[in-house]
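What follows is calculated from the coordinates using simple rules that are stated; it is not laboratory data. Just so you know, these numbers come straight off a predicted model, no measurement behind them.
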């Protein structure tokens, strides 16, 4: 990279990585409102047949619901493969998420690893995620960690 275009491309790449890291941080800290700065209003999620969602509010609600009943989590994102195209971008990352059980699931864990294919747009000068397609490669532990406690 050389000149201003190289610096601009580097700044865009870093900004997109920051968006992805902000997602993981907001989820782990349960700071749902922070996800408004990550997603576009019309973000589309595809985590499989039960997770085909369009719209920022619905996506944030679904993410919050999925983590309401578990303890601490750690979402790690890496191997950023970013392709820029003006004010749009595509990125593929590896994701590994660890979830700790509480209550009736205390002592249990649920871990998953996979990859996400994300799309981004520069909206009002700021990068936002417009689409996320996530696919699981492996999972270990107990899904009880994510389930509501038995009545």
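Computed over all pairs of different Cα atoms, the Kirkwood value for the hydrodynamic radius of the range 1-74 is 13.9 Å.
Evaluate Rg over Rh across the range 3-146, taking Cα atoms for both radii and Kirkwood's formula for Rh. Result for the range 3-146 is an Rg/Rh of 1.00. Counting alpha carbon pairs within less than 8 Å and at least 6 residues apart, what relative contact order, in whole percent, applies to the range 3-146? The normalised contact order for the range 3-146 reaches 23 percent. For the pair the range 34-87 / the range 113-151, the C-alpha centres are spaced 5 Å from each other. Per-residue ellipticity at 222 nm, computed for the chain from helices alone with -39500 (n - 2.57) per DSSP H run of at least four residues, works out to -9000 deg cm²/dmol. The C-alpha atoms of the chain define a longest principal axis, and helix 56-67 lies at about 40 degrees to it.
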